[in-house]
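Read through the structure below, which is laid out as structure tokens, and then see the notes.
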Amino acid sequence: PLSQINQQDESFAKNYLKTFFNLTEESGPTVRRGFNPAAVKLMEMQRFFGLQITGTLDTDTLAMMKKPRCGVSDQKVAR
Amino acid sequence: FSTFGGFKWEKNSLTYRIENYTPDMSAAEVDDSIERALQVWAQVTPLRFTRIYNGIADIMISFSRQAHGDGYPFDGPGGTLAHAFAPSTGIGGDAHFDDDEDFTFSSNRGYVLFLVAAHEFGHSLGLSHSDDPGALMYPIYSFSNPETFVLPQDDVNGIQSLYGANEDPVEPRPTAPPTPNACDSTMTLDAVATLRGEMLFFKDSFFWRSYPQSATPQQTRITNFWPNAPVNIDAAYESQQSDRVLLFKGRQVWAFSGYDLVSGYPKPLSSLGLPKTTKKVDAALYDVASRKTLFFVGSNYYSYDEAKETMDEGFPKRVDETFSGMSGKVTAAFQYRGFTYVYSGPYMFEYSLRSGRLFRVLRNSYFLRC
């Protein structure tokens with residue numbers, strides 16, 4: 001449940017998306033129009049790992065982020 | 001599989017150099033692990049690797065902690081275990097291992113260096129990450145026995161897309177089974193169980209987790225979830241009486257409470273009261289209403305009282321006496337939202353357990369959202 005996600009988890013997840021899914025800090029008009037790049041990247045990550053695609057940080061997604069892994073980005077490059 | 005957009009070495013003879021060692025393993029163990037990790041790729045391509053002891057090699061291998069000069073600092077124990085760079089001059093091809101991790105030669109008490117290195121060398125040769133959970137190039141570490149390791153087909157396809165196949169006459173090697181596909185209509189599931197409202201569908205060394213809100217079931221390795229669980233199991237069920245999941249393989253049963261193997265397990269099937277002659281259980285299902293578990297063995301089934309932990313009198317009974325129309329071999333069974341599902345080959349039969357009435361015959365993939 002979302003209620004178990006705290007601020008520290010949020011920043012961990014943001015850093016994860018920066019490291020492995022190329023989340024960049026957005027500012028200016030796109031942000032003002034409610035477009036949330038972190039949610040888009042989160043969905044990309046959830047799709048890659050076959051998780052439920054919610055765009056929100058749930059416990060399953062956070063558990064996957066905490067698993068030991070390779071440090072190379074997961075950004076899909078064309079086959 | 002994925003590649004780094006086609007970055008590859010333009011030669012088949014590559015050099016590697018081990019710059020330093022981790023204190024976790026002997027130098028000989030590190031040497032052997034690195035060499036075998038490179039051979040994983042050499043066996044299926046024309047690539048050949050030669051070790052050098054000084055100067056600059058194509059693949060420079062080192063162990064370091066935190067910031068180590070490449071702009072990608074490591075993060076202490078856990079998290080990132082290693083990283084490597086795509087083929088190119090300079091740092092290209094190099095592999096760095098996080099020495100805050102506990103690397104081991106073969107046990108799953110730490111991270112098996114051979115497995116981590118084989119993955120990183122995939123990057124060194126031009127592969128990016130695969131979203132196939134059975135692939136070596138899947139980004140999440142998972143333990144498998146290095147002595148029986150076989151390069152999965154997804155990785156073979158990937159590396160051969162860059163370098164072609166190994167032309168040398170070598171004796172044929174075992175090939176890893178492909179990662180099972182949930183939507184393969186001919187697939188026979190090994191077992192099905194529930195787990196606190198989720199459904200688990202077991203096949204080979206994987207299972208799919210499906211829960212009511214999920215759009216797609218999540219595929220994962222059984223050993224990622226339960227490190228000391230068997231694979232290619234025969235049966236599974238969730239005992240809501242003891243809040244455990246039990247897995248069956250051959251003459252043994254494993255019990256897990258959460259992620260943990262309950263002490264004393266695995267136990268022989270006879271510990272449940274099954275006859276000592278029982279070679280395997282084909283399927284198991286827990287009936288919520290009666291708090292009894294049914295064990296399907298061949299054309300018969302037994303009834304186990306979870307509260308008393310004893311087998312009920314009057315069993316075994318014939319399956320087709322209770323489950324009308326179930327004449328084939330039972331391959332899996334579970335109960336979900338009051339309906340009892342008994343699998344036989346690629347089909348799933350939906351029953352009322354109380355009346356034995358057959359409602360529908362469905363395909364195995366019914367709950368797998370194909």
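The values are calculated or read from the model by the stated rules, or taken from the named source; none is laboratory data. The shown structure was predicted, so the numbers you read here are calculated from the model rather than taken from an experiment. Here Cβ is always computed from backbone atoms with ideal geometry, including for glycine, and neighbour counts include all displayed protein chains.
Taking the condition within 14 Å of another protein chain (Cβ to nearest Cβ), within 22 Å of A:Y16 (Cβ to Cβ) and in contact with a strand residue (DSSP E or B) (Cβ under 6 Å, 6 or more places away or on another chain), does B:A67 pass?
no
Of all residues being in contact with a strand residue (DSSP E or B) (Cβ under 8 Å, 6 or more places away or on another chain), surrounded by 18 or more Cβ atoms within 10 Å (Cβ to Cβ) and not acidic (D, E) in the range B:145-161, which is farthest from the other protein chains (Cβ to nearest Cβ)? Just the residue, please.
Only one residue tops the list, namely B:P146.
Checking B:K308 against (1) at negative phi; (2) touching a residue at least 12 places away in the same chain (Cβ under 8 Å): exactly one of these is not met. Which one?
(2)
Exactly one condition in (1) without any contact (Cβ under 8 Å) to a residue 40 or more places away in the chain; (2) within 18 Å of the chain's Cα centre (by Cα); (3) within 14 Å of chain A (Cβ to nearest Cβ); (4) assigned to a loop (DSSP other than H, G, I, E, B) is not met by B:P177; state its number.
Result: B:P177 fails condition (3) only.
Going through A:V77, A:V31 one at a time, which residue ends up being modelled with pLDDT under 85, more than 14 Å from the chain's Cα centre (by Cα) and part of a helix (DSSP H, G or I)?
One residue alone meets the criteria, A:V31.
Residue by residue through the range B:40-70, note down the ones that are surrounded by 15 or more Cβ atoms within 10 Å (Cβ to Cβ), of a type in the set (S, T, N, Q) and not in a loop (DSSP other than H, G, I, E, B).
Across the range B:40-70, the qualifying residues are B:S62, B:S64.
Here's a check for you: in the range B:268-280, which residue that is of a type in the set (D, E, K, R) and closer than 15 Å to B:D234 by Cα is nearest to the chain's Cα centre (by Cα)? Spell out how you get there, then give the answer.
Step one: list which residues in the range B:268-280 are of a type in the set (D, E, K, R), which gives B:276, B:279-280.
Restricting the remaining residues to those that are closer than 15 Å to B:D234 by Cα gives B:279-280.
Details: B:K279: 24, B:K280: 22 Å.
Per the criteria, the residue is B:K280.
Where residues in the range A:48-68 are closer than 13 Å to B:D131 by Cβ and modelled with pLDDT of 90 or more, which of them is nearest to the other protein chains (Cβ to nearest Cβ)?
In this case the residue turns out to be A:F48.
Based on this model, can you work out whether B:D102 counts as within 10 Å of chain A (Cβ to nearest Cβ) and surrounded by fewer than 22 Cβ atoms within 10 Å (Cβ to Cβ)?
It is false that B:D102 is within 10 Å of chain A (Cβ to nearest Cβ) and surrounded by fewer than 22 Cβ atoms within 10 Å (Cβ to Cβ).
Considering only the range A:3-12, I want to know if a residue exists there that is touching a helix residue (DSSP H, G or I) at 6+ places or on another chain (Cβ under 8 Å), surrounded by fewer than 18 Cβ atoms within 10 Å (Cβ to Cβ), modelled with pLDDT under 85 and not in a helix (DSSP H, G or I).
Of the range A:3-12, the ones touching a helix residue (DSSP H, G or I) at 6+ places or on another chain (Cβ under 8 Å) are A:4-5, A:9, A:12.
Among the residues that remain, those that are also surrounded by fewer than 18 Cβ atoms within 10 Å (Cβ to Cβ) are: A:4-5, A:9, A:12.
If we keep only those that are modelled with pLDDT under 85 as well, we get A:4-5.
Next, from what is left, pick out any that are not in a helix (DSSP H, G or I): A:5.
So far as the range A:3-12 goes, yes, one or more of its residues are touching a helix residue (DSSP H, G or I) at 6+ places or on another chain (Cβ under 8 Å), surrounded by fewer than 18 Cβ atoms within 10 Å (Cβ to Cβ), modelled with pLDDT under 85 and not in a helix (DSSP H, G or I).
Just need a number here: residues in the range B:127-144 that are at the interface with chain A (Cβ under 9 Å from one of its Cβ atoms) and acidic (D, E).
Total meeting the criteria: 1.
Would you point out which residue out of B:L81, B:L136, B:L151 is touching a residue at least 12 places away in the same chain (Cβ under 8 Å) and assigned to a strand (DSSP E or B)?
On the way: B:L136 fails: assigned to a strand (DSSP E or B); B:L151 fails: assigned to a strand (DSSP E or B).
Only one candidate passes the filter, namely B:L81.
Kindly indicate which of B:E198, B:E167 is within 14 Å of chain A (Cβ to nearest Cβ) and surrounded by fewer than 23 Cβ atoms within 10 Å (Cβ to Cβ). Spell out the reasoning first.
Details: B:E167 fails: within 14 Å of chain A (Cβ to nearest Cβ).
Selected residue: B:E198, the only one of B:E198, B:E167 that is within 14 Å of chain A (Cβ to nearest Cβ) and surrounded by fewer than 23 Cβ atoms within 10 Å (Cβ to Cβ).
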